[in-house]
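Quick notes on the structure that follows.
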């Protein structure tokens, strides 16, 4: 969003003409990948339609009537969450435990960053 608002594509176009900044020739591809990353983010819990419609986790929660994995007793061993391990280790499991214990509102309060 910020890149678009500041019209950084124009800056990247200029920088790409300077040999030291030649990598900026690939700016549009990079921007496209960043856009795809943004679409991966869940803006709501699974029951509320968060995440992409093809998400196995979302489908499972909706099928079982859960707002999210924290309502399931099997989340700690759920294979649907395994794709998160390479990038997140066990952070997603620890987060789900916190949500299960304290509730979503308290979990989100702890996640807000002070700017």
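The values are calculated or read from the model by the stated rules, or taken from the named source; none is laboratory data. Quantities reported herein were computed from a predicted structural model and do not represent experimental measurements. Positions of Cβ are generated from backbone atoms using ideal geometry, with glycine treated the same way; all protein chains shown enter the neighbour counts.
Data for the structure
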| quantity | calculated |
| --- | --- |
| Neighbours by Cβ (under 9 Å, 6+ apart or cross-chain): first from segment 23-39, over 13 Å from residue 9 (Cβ atoms); second modelled with pLDDT under 85 | 38/1; 39/52 |
| Qualifying positions in segment 1-31 - surrounded by 10 or more Cβ atoms within 10 Å (Cβ to Cβ) and within 26 Å of residue 51 (Cβ to Cβ) | 3, 4, 30, 31 |
| Filter result (under 16 Å from residue 101 (Cα atoms) and exposed (fewer than 15 other Cβ atoms within 10 Å of the Cβ)) within segment 56-74 | 73, 74 |
